[in-house]
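**Q** Okay, handing you the structure first.
The values are calculated or read from the model by the stated rules, or taken from the named source; none is laboratory data. Please read these numbers as outputs of a predicted model, since none were measured by experiment. Protein only, heavy atoms only, side chains kept; ligands, DNA and RNA dropped before computing areas. Shrake-Rupley method; radii C 1.70, N 1.55, O 1.52, S 1.80 Å.
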Amino acid sequence: AKNLLHVDDVFNKAKVAVMYPIKPLYDLVEGRLTPACSRAFTRIFRMFDLDRDGLLSDDELMAFQNKIWGATLIGRDVIEWKKALAHHDMIIHRREEASVESDPRSEDVM
């Protein structure tokens, strides 16, 4: 603050924190979505899961993208989304496996 470096960054970050607060969406202490946010996402998902199979098909995903963002996905975009989600799922699965393996309560007791 003495020589006023990065003052504009501080003000921009403060503005973003006020305009787009994270607290209603994500509980930083618990490390998960708030119940209200989770209910909202579930409701949005159900609105677009037209065949009620618990998954969004390519067409349902494209309809969501078009309705919410006003932009059309092309087939290549859908493939990239699927790759990103598969990669994320793989990382989560590996973390869960590692935590189970390191938990002494998970060992077989004879």
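**Q** How long are the semi-axes of the equivalent ellipsoid of the chain, defined as square roots of 5 times the Cα gyration tensor eigenvalues? Whole Å, largest first.
**A** Ellipsoid half-lengths, sorted descending, are 32, 29, 16 Å.
**Q** If the chain between Ser102 and Tyr20 were fully stretched, how many nm would it gain, using 0.36 nm times the residue separation less the Cα-Cα distance?
**A** 25.7 nm
**Q** Moving on. Of Trp69, Trp81, which has the most accessible area and how do the rest follow, probe 1.4 Å?
**A** Largest accessible area first, the list is Trp69, Trp81.
**Q** Let me ask you something else. I'd like to check one number: the per residue accessible area of the chain, probe 1.4 Å, reported in Å² as a whole number.
**A** 92
**Q** Right, something else. Ignoring ligands, DNA and RNA, what percent of the accessible area of region 27-83 is carbon or sulfur (1.4 Å)?
**A** 59
**Q** If you don't mind, another one. Given a 1.4 Å probe and the protein chains all in place, what does the accessible area of Tyr26 round to, in Å² to the nearest 10?
**A** 80
**Q** Using only the Cα atoms of region 1-62, each taken as one equal point scatterer with no solvent, compute I(q) by the Debye sum, divide by I(0), and report log10 of the ratio at q = 0.14, 0.20, 0.26, 0.28 Å⁻¹.
**A** The Cα Debye sum returns log10 ratios of -0.65, -0.86, -0.99, -1.04.
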